[in-house]
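The block underneath contains the structure these notes are about, expressed in structure tokens.
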Amino acid sequence: MTEDSSTLHEPKRSFGFSTRAIHVGQDPEPMTGAVTVPVFQTSTFAQEAVGKHSGYEYARTGNPTRTALERAFASLEEAAFGVDFASGLAAEDAILRLLKPGDHVVMGNDAYGGTFRLISKVFGPVGVGWSAHDLVDPQELEANWPKNTKLVWLETPTNPLLNIFDIAAIAKIAHSHGALLVADNTFATPYLQQPLNHGADIVVHSTTKYLGGHSDTIGGFVATNDAEIDGHLRFIKNAVGAVRGPWDVYLTLRGAKTLAVRMDRHLSNAAAVVDLLGSNDAVATVLYPGLEGHPGHEVAARQMSGFGGMVSFRAAGGRDAAIRIIEATELFTLAESLGAVESLIEHPGVMTHASAEGSPLEVPDDLVRLSVGIEDEADLLADLVQALRSGL
Ligand code: P1T
């Protein structure tokens, strides 16, 4: 065996979401009956004879703890294949290695700053072209289709402006030009949105966020229904070595078992936060796809089953007021990252999206991003009320 195969043996749709999160790929361990997938903390596997082994030979290539996660997460995306990576960016890097010099990537004009940095500053210098488009209007892309485009790369909802892109409409345009559509599903999670079912070819996640859910690991994941793409990803993972140790994989798999219940609480807390922000004088605009006035509301209602736990707003008092508010929270922790049980607050312009400064993906400097956690709603609201006073 060269790369571990993750062909999904379990039926894809027979169980509900939470049942799949808890059971797919996670049968009791055959030797001892251990109910929880063990942490196979080993770098290598004994072979019975030369070339005759259990299916595992070396842990960069394959590890049973990782196989369990790959099967479970593939089933959450209703995908045939899934590959775990060392980080969200390592997963993105493996996808982008599908490209050759001269190829072009179309990006949305709002995305995680690190994704923009990877495409423009790592792949750009070796000859991969890129352009940023306002994918809110897919016709703009159709009218200005850059030649040699092989990949269209979108997030929806986007980080940090929470724009919504119509996956099915953009997939149709990409496919009509022979390009693949990659959807970063980190903000929505497979609980709220399954991009492959809307026509995307590849789904990528930073599992550091909601899937892991506890701010204790870095990880990435890619799902696809295309065996050739899966083969490419496994080859790159093995050849380049962007793998995680089994303990981190175990923690991510354990975190995802509660994804559905956590997301329900993220949704209700986020809705309460949105209500509060909407009537506060320190806030100029609330960005949240659940708001009826949000330009992507209808598309989001169609392709998502909930609007997510991320909320952004623009401070009425500009950049300095935004920073004062961010520094005044006591329960919302000032930190990068998102999607975990605890609430976080940050200034994208200076923090997560600093690498996009001066580019088409630059974010407004009065922007505040909240990752609304699953603490008690009343405590979160009280913290925001007191912090927002600093913005007046
Ligand atoms: O940090 P890493 O696991 O490598 O994932 C990168 C990544 C990919 N895609 C999206 C949508 C992301 O938000 C991220 C990471 N984002 C942050 C760290 C952040 O605070 O926005």
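The values are calculated or read from the model by the stated rules, or taken from the named source; none is laboratory data. Note that the structure is predicted; figures quoted are calculated from it, not measured. Here Cβ is always computed from backbone atoms with ideal geometry, including for glycine, and neighbour counts include all displayed protein chains. The protein model used for the area step is the full one, side chains on, heavy atoms only, and it has no ligands, DNA or RNA in it. Shrake-Rupley method; radii C 1.70, N 1.55, O 1.52, S 1.80 Å.
Extending 7 Å from Cα along the Cβ direction at residue 261 and again at residue 47 yields two label points whose distance is 4.5 nm.
For the range 20-124, GluC sites (Glu not before Pro) meeting the loop criterion (DSSP other than H, G, I, E, B) and having at most 11 other Cβ atoms within 10 Å: 48.
Taken about its Cα centre, the range 5-256 carries a charge dipole of roughly 480 debye when the Cβ of each Lys and Arg holds +1 and the Cβ of each Asp and Glu holds -1.
When a/c reaches 1.5 or more, the comparison of a/b and b/c decides; with that in mind, is the range 5-256 rounded, prolate or oblate per its Cα gyration tensor? Since a/c reaches 1.5 and a/b is larger than b/c, the shape of the range 5-256 is classed as prolate.
Within the shell defined by Cβ-Cβ distances under 15 Å, the residues around residue 260 carry a net charge of +2, with Lys and Arg each +1 and Asp and Glu each -1. Positive contributions from Lys and Arg (+1) and negative ones from Asp and Glu (-1), summed over other residues with Cβ under 11 Å from the Cβ of residue 186, come out at -2. For residue 121, the lysines whose Cα falls under 27 Å of its own Cα, not counting residues fewer than eight places away in the same chain, are 100, 147, 150, 209, 237.
Based on DSSP H segments of at least four residues, each scored -39500 (n - 2.57), the chain has a per-residue ellipticity at 222 nm of -9500 deg cm²/dmol. Average accessible surface for the range 259-391: 40 Å² per residue, computed with a 1.4 Å probe over protein heavy atoms with every protein chain in place. Positive end of the charge dipole of the chain (Lys, Arg +1 and Asp, Glu -1 on Cβ, about the Cα centre): tell me which of 391, 217, 55 has its Cα farthest that way. Towards the positive end, the residue furthest out is 55. Is the shape of the range 152-246 best called rounded, prolate or oblate, per the rule: a/c under 1.5 gives rounded, else a/b larger than b/c gives prolate, else oblate, with a ≥ b ≥ c the square roots of the Cα gyration tensor eigenvalues? Oblate.
Between the beta carbons of residue 385 and residue 143, assuming R0 = 35 Å, the FRET efficiency works out to 0.15 to the nearest 0.05. Net charge in the neighbourhood of residue 157 (other residues with Cβ under 13 Å of its Cβ; Lys, Arg +1, Asp, Glu -1) is -2. Within the chain, which whole H helices from DSSP have a Cα span along their axis of at least 24 Å and a mean Kyte-Doolittle hydropathy of -0.5 or more, if any? Span-like helices here: 259-278.
Given axes a ≥ b ≥ c from the Cα gyration tensor, I'd like to know whether the range 291-392 is rounded (a/c under 1.5), prolate (a/b larger than b/c) or oblate. Oblate shape, in that a/c is at least 1.5 and b/c is the bigger or equal ratio.
5 Å is the cut-off here: which amide hydrogens, built 1.01 Å from N in the peptide plane, fall below it relative to residue 108, excluding neighbours closer than 5 in sequence? Amide H to amide H, under 5 Å and 5 or more residues apart or across chains, residue 108 pairs with 133, 153, 155.
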